[in-house]
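Enquirer: This is the structure I have questions about; it appears just below.
Please treat every number below as a calculation from the coordinates, not as lab data. Values in this document were obtained by computation on a predicted structure and should not be read as measured data. Quick reminder, even Gly has a Cβ in these numbers, built from the backbone with ideal geometry, and neighbours come from all protein chains shown.
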Amino acid sequence: AQKITQTQPGMFVQEKEAVTLDCTYDTSDPSYGLFWYKQPSSGEMIFLIYQGSYDQQNATEGRYSLNFQKARKSANLVISASQLGDSAMYFCAMRPPNSGAGSYQLTFGKGTKLSVIP
Amino acid sequence: SQTIHQWPATLVQPVGSPLSLECTVEGTSNPNLYWYRQAAGRGLQLLFYSVGIGQISSEVPQNLSASRPQDRQFILSSKKLLLSDSGFYLCAWSVHQTVNTEAFFGQGTRLTVV
């Protein structure tokens with residue numbers, strides 16, 4: 001079974017500074033996908049970034065980058081130049097390769113609440 | 001472009017009453033559809049998924065059911081709500097079953113059972 005661990009219930013960061021949100025995972029599958037989602041207070045889950053287990057390079061999307069360390073089974077999200085609008089819950093999630101026909105069994109961590117301080 | 005609509009945004013229902021939450025997707029055909037529930041301060045739990053009309057798979061035994069009467073419509077229902085059904089319900093869709101396919105979520109429905 002897959003498991004996602006986010007050990008930081010809450011984080012604070014100064015505006016314009018960078019912040020790293022931790023995520024570790026546990027799986028026996030050699031092929032899997034890792035995702036980060038942002039959930040603002042409105043509740044919508046917003047997809048941020050994806051990392052495949054066989055990707056050679058760390059994923060980047062604008063101010064978001066993923067520090068993927070496969071041997072350590074970690075997939076930390078790095079947000080550069082934090083903005084006030086980055087204040088939200090952030091969830092790490094994993095999808096194994098063999099989830100059954102058509103399924104999308106994302107396993108989510110419990111999330112980290114990020115607060116950006118002006 | 002693809003969009004996903006979910007309603008209502010908030011709902012307060014008494015224990016024992018029925019429930020119907022609706023989700024529709026626009027701009028794509030034959031999507032995979034999902035219902036997730038998020039309890040307060042928790043991650044998301046997959047409740048149901050569907051790969052086609054009339055095809056529903058349940059991930060968690062519970063007081064809820066799902067139906068897909070049309071290609072891009074997904075409905076979450078209950079005949080009699082329990083207090084434990086309170087939570088934030090999110091509908092989502094994805095294109096294909098590949099490892100790198102992200103899910104796109106609706107705005108969610110905050111359900112409070114009183």
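Enquirer: Using a basic spin-label model with each label point 7 Å from the Cα along Cα→Cβ, how many nm lie between residue B:62 and residue A:84?
Expert: If labels sit at residue B:62 and residue A:84, their model points lie 3.6 nm apart.
Enquirer: Assuming R0 = 22 Å, what is the FRET efficiency of residue B:26 and residue B:77, from their Cβ-Cβ distance, to the nearest 0.05?
Expert: FRET efficiency, residue B:26 to residue B:77: 0.50.
Enquirer: Treating only the Cβ atoms of Lys and Arg (+1) and Asp and Glu (-1) as charged, compute the dipole magnitude of chain A about its Cα centre; round to the nearest 20 debye.
Expert: About 200 debye.
Enquirer: Other chains near A:38-48: what is the mean number of their Cβ atoms within 10 Å of each residue's Cβ?
Expert: That average works out to 4.
Enquirer: Which one, B:43, A:83, B:23, projects farthest toward the positive side of the charge dipole computed for the protein assembly as shown from Cβ point charges (K/R +1, D/E -1)?
Expert: Checking the options against the dipole of the protein assembly as shown, the answer is B:43.
Enquirer: For residue A:117 paired with residue B:112, estimate the spin-label separation in nm (one decimal), with each label point 7 Å from Cα along the Cα-to-Cβ line.
Expert: Computed distance between label sites residue A:117 and residue B:112 equals 3.2 nm.
Enquirer: Shifting gears a bit: I need the per residue convex hull volume for chain B, using only the alpha carbons, in cubic angstrom as a whole number.
Expert: 99
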